[in-house]
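Readers should treat all values here as calculations from the given coordinates under stated rules, not as data from a laboratory. Treat the numbers as computed from the prediction; the structure is a model and nothing was measured. Here the Cβ is made from the backbone with ideal geometry for all residues, glycine too, and neighbour counts use every protein chain on show.
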Amino acid sequence: APEREVLTWDLYGQGSRELAQAVADSGYVPDVVLGIARGGLIPAGSLAYALDCKNLFTISVEFYTGVDSRLDVPVMLPPFLDAHDLDESSVLVVDDVADTGRTLELVAQFCAGHAREMRTAVLYEKPHSVISCDYAWRRTDRWINFPWSTEPPVTGRSGVLDA
Ligand code: 5GP
């Protein structure tokens, strides 16, 4: 099996802190942290706390696989953020990983013309990403196991409360 990049909760705690430190050290002070659901929500929450930013927004983007197409197209899902809520703001867009970078590209287009300034922060950036992120904790070309999505969902199992 191909080797994977494994992010444990412990290492995540360190990595998210170092990512926030890189943003702070650069002098960028975001008015808004915008997390991309779902993978970017946990890093976005961590960065919002570490950067002492109370304006934490979310945007939902997922990849739809067309039935008759091999093309993967990222699409926004409701509830929709009003782009005017970003007017005049400096925005830090946060996701777990920039892989193809298409998700971040879509969100960057969404913010353009509204946010005064927009920068991107990810835990991981892959070499073929179409977006070059402003802040990336690590770079890899491997598949990443994130701590929040490594275990299968608990739904459908008999609950511990019933045991
Ligand atoms: P994109 O290709 O648009 O940059 O990434 C879209 C989304 O695919 C990411 O936000 C992430 O949720 C998921 N993804 C991409 N690469 C990986 C990976 O290596 N591991 C995991 N767990 N998810 C990934």
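Where does each of 64, 124, 12 land when they are ranked from fewest to most other beta-carbon atoms within 10 angstrom?
Working: 64 12, 124 23, 12 19.
With the sparsest Cβ surroundings first, the list reads 64, 12, 124.
Note down the relative contact order for the chain as a percent, whole number, built from C-alpha pairs under 8 angstrom at least six residues apart.
Details: 288 pairs, mean separation 39.2, N = 163.
Result for the chain is 24 percent.
With a point put 7 Å past each Cα toward its Cβ, work out how far residue 26 is from residue 56 in nm, to one decimal.
2.1 nm
Subtract the Cα-Cα distance of residue 132 and residue 82 from 0.36 nm times their separation in residues, and report this length gain in nm to one decimal.
Extending this stretch completely gives an extra 15.5 nm.
Of all beta bridges DSSP finds with both residues in segment 16-148, what is the antiparallel percent, to the nearest 5?
Antiparallel: roughly 20 percent of the beta bridges in segment 16-148.
Out of the trypsin sites (Lys or Arg not before Pro) in segment 102-150, which ones are loop residues according to DSSP with at most 14 other C-beta atoms within 10 Å?
116, 142
How far is helix 102-111 tilted, in degrees, relative to the longest principal axis of the Cα atoms in the chain, given as a value from 0 to 90 rounded to the nearest 10?
That helix lies at roughly 30 degrees to the long axis.
In which sequence would 97, 122 go, from the one with the fewest C-beta neighbours within 10 Å to the one with the most? Write out the running numbers ahead of the final one.
Numbers: 97 26, 122 29.
Ascending Cβ contact count within 10 Å gives the list 97, 122.
As a footprinting exposure proxy, order 126, 54 by other Cβ within 10 Å, with the fewest listed first.
Working: 126 18, 54 10.
The fewest-first ordering by Cβ neighbours comes to 54, 126.
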